[in-house]
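The values are calculated or read from the model by the stated rules, or taken from the named source; none is laboratory data. Computed from a prediction, not measured in an experiment: that's the story for all the values here. Neighbour counts are summed over all protein chains in view; Cβ atoms, including those assigned to glycine, are modelled from backbone coordinates with ideal geometry. In case anyone asks, the SASA skips ligands and DNA or RNA and just uses the protein heavy atoms, side chains included. Shrake-Rupley method; radii C 1.70, N 1.55, O 1.52, S 1.80 Å.
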Amino acid sequence: MKMFFITYAGGNAKFFQCLFPYIHDLECIAIDYSGHGNRHNEKLNETLPEMITDIADKINEQIILGEPYALLGYSMGSIVVYEIAAQRLLKQPPVHIFVCAHYAPSISSIHVKYSELSDMDLVKSLASFGGINEQFISDKRFWPFFLRIVRNDYKLLESYEFENLKKLLDIDVSVLYSDQDTPFQYIEPWKYITKKTVEFKEYPGTHFFLKENAEHIALYILNKI
């Protein structure tokens with residue numbers, strides 16, 4: 001069974017590698033956004049709909065009709081995965097969706113326009129999420145390329161129309177979160193995105209709690225699908 005992984009704003013497919021040693025029974029496929037990671041030579045997406053369609057196309061290339069698969073989105077990837085499923089962009093629906101580390105799509109997560117921050121303020125904000133090490137913060141040689149990608153991703157996410165949900169799924173959903181990262185009151189409305197079951201699973205840690213709980217999350221995924 002295949003499982004597709006979609007990453008956070010500014011992230012790349014390597015983020016999910018910590019899970020893969022614990023998921024031997026699945027064919028794990030982490031997909032980079034255009035202009036990220038293994039696709040760094042490609043043009044960055046100019047709009048969120050373009051990004052959503054691009055990721056859907058990459059998934060469709062690897063879906064085999066009649067064979068089950070699952071999706072996992074992390075942070076911004078949760079919104080991308082939800083929209084892909086809600087817009088019925090895939091040639092067959094997944095058997096399960098995992099969304100992680102993001103507000104429900106009916107609640108805006110945009111409290112700061114990260115795309116408009118100065119370089120220093122943007123780096124400090126990213127560091128507060130727990131995703132940047134001290135060496136990167138102190139060595140500005142890496143900033144121009146990385147921050148260009150981060151700004152673009154946040155610009156796309158900031159354009160998202162967070163609103164009352166009108167696109168109900170017909171798929172089982174698991175919502176993974178850390179209350180330290182996102183209070184449950186902003187997570188709970190995920191339960192309204194589908195006609196089927198929604199299960200919430202809390203983990204300790206920062207915004208990047210997946211790395212801190214990789215083995216436990218991998219076992220949870222296997223148990224669900």
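Could you run through the stretch 10-31 and say how many residues are in contact with a strand residue (DSSP E or B) (Cβ under 9 Å, 6 or more places away or on another chain) and assigned to a loop (DSSP other than H, G, I, E, B)?
Number satisfying all stated conditions: 5.
For Ile59, are the conditions met, namely being at pLDDT below 95 and of a type outside the set (Lys, Arg)?
The answer is no for Ile59.
Could we say that Lys2 is of a type in the set (Lys, Arg), surrounded by 14 or more Cβ atoms within 10 Å (Cβ to Cβ), touching a Pro at 6+ places or on another chain (Cβ under 9 Å) and over 27 Å from Pro189 (Cα atoms) here?
Here the answer is yes, as Lys2 does meet what is asked.
Looking at (1) in contact with a Ser or Thr (Cβ under 7 Å, 6 or more places away or on another chain); (2) part of a loop (DSSP other than H, G, I, E, B), find the lone condition where Pro189 falls short.
(2)
When both residues are 6+ apart or on different chains and their Cβ atoms are under 8 Å apart, which pairs have a first residue that lies in the stretch 80-93 and is more than 17 Å from Tyr33 (Cβ to Cβ), and a second that is small (Gly, Ala, Ser) and buried (at least 23 other Cβ atoms within 10 Å of the Cβ)?
Between residues of the stretch 80-93 that are more than 17 Å from Tyr33 (Cβ to Cβ) and residues that are small (Gly, Ala, Ser) and buried (at least 23 other Cβ atoms within 10 Å of the Cβ), the close pairs are Pro93/Ala85.
Does Arg141 satisfy the condition of being over 27 Å from Tyr69 (Cβ atoms), in contact with a helix residue (DSSP H, G or I) (Cβ under 9 Å, 6 or more places away or on another chain) and not in a loop (DSSP other than H, G, I, E, B)?
no
Go over the candidates Tyr186, Tyr220 one by one and state the one that is open to solvent by 40 Å² or more (accessible area, probe 1.4 Å) and in contact (Cβ under 8 Å) with a residue 40 or more places away in the chain.
The match here is Tyr186.
Looking at (1) part of a loop (DSSP other than H, G, I, E, B); (2) open to solvent by 70 Å² or more (accessible area, probe 1.4 Å), which is the only condition Gly205 fails?
(2)
Return the only residue of Lys58, Lys43 being of a type in the set (D, E, K, R), touching a strand residue (DSSP E or B) at 6+ places or on another chain (Cβ under 9 Å) and not in a strand (DSSP E or B).
Lys58
Only one of (1) assigned to a loop (DSSP other than H, G, I, E, B); (2) open to solvent by less than 60 Å² (accessible area, probe 1.4 Å) fails for Arg88. Which number is that?
(2)
Tally up the residues in the stretch 25-65 that are within 23 Å of Val95 (Cβ to Cβ) and either among the aliphatic types (A, V, I, L, M) or open to solvent by 70 Å² or more (accessible area, probe 1.4 Å) (or both), please.
Qualifying residue count, the stretch 25-65: 15.
Of the residues in the stretch 11-24, how many are open to solvent by less than 20 Å² (accessible area, probe 1.4 Å) and closer than 12 Å to Asp153 by Cβ?
Counting residues in the stretch 11-24 that are open to solvent by less than 20 Å² (accessible area, probe 1.4 Å) and closer than 12 Å to Asp153 by Cβ gives 1.
Would you call Thr7 in contact with a strand residue (DSSP E or B) (Cβ under 6 Å, 6 or more places away or on another chain) and touching a residue at least 60 places away in the same chain (Cβ under 8 Å)?
So Thr7 fits the description; yes.
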